[in-house]
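Read through the structure below, which is laid out as structure tokens, and then see the notes.
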């Protein structure tokens, strides 16, 4: 018997066993990682009350009163984790705007969101009665929603017609208290193939360093090397976006 080969087999078996354990631990860590939910807000001005002595006045009114600035604000919530969650209570709130009408959607489905039972009961008004000042203030500055299911990669949108209390655009925020979820605000960014442009540029630049190594190793003609580098520089964000989408696909594949 070839003891050297046998010993090598033992070594290979031990290394494979260790790698398997490490791979299992890593997989469990990835799958059990705390869920990351991100959201951003976009504001669009849809009406402004103005006075013009020559061409006339424009009036935006609410309950018979003039409104200086009327906005349509869209809040988009994204589950960026590798886990699915159920029965998430999300609070929408603002300190410098008056929330009016609303519309919600679970992207890619026909479903909408509903208020939580607790929040709905707080705003219940008996027939023939009028809302109290507390109820009016609550409805104007806050909404609580129940998201029954939030799958990985799922997007939920909240649309609010609102009045800005100040001359600048309003601010609207989200809050969620749920086991295993971390909520983070992010600034709206341009998208490339569904990937944030800054992230695509960063990954494209990293890929570019690998390309430079290949150019140095395999291309001896200077002008060809310069042309390839220049061309890649113009389109670097595209392979970056493709690489991120590929990573997401693999993540979802192995994450179940």
Taking a ≥ b ≥ c as the square roots of the eigenvalues of the Cα gyration tensor of region 35-188, is the shape rounded (a/c under 1.5), prolate (a/b larger than b/c) or oblate? oblate
Here FRET efficiency (C-beta to C-beta, residue 247 to residue 127, R₀ 45 Å, nearest 0.05) is 0.20
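Computed from the coordinates by the stated procedures, all read-outs in this text should not be read as laboratory data. Given the structure is predicted, the values throughout are model-derived calculations rather than measurements. Note that we place each Cβ from the backbone using ideal geometry, even for glycine, and neighbour counts take in every protein chain shown.
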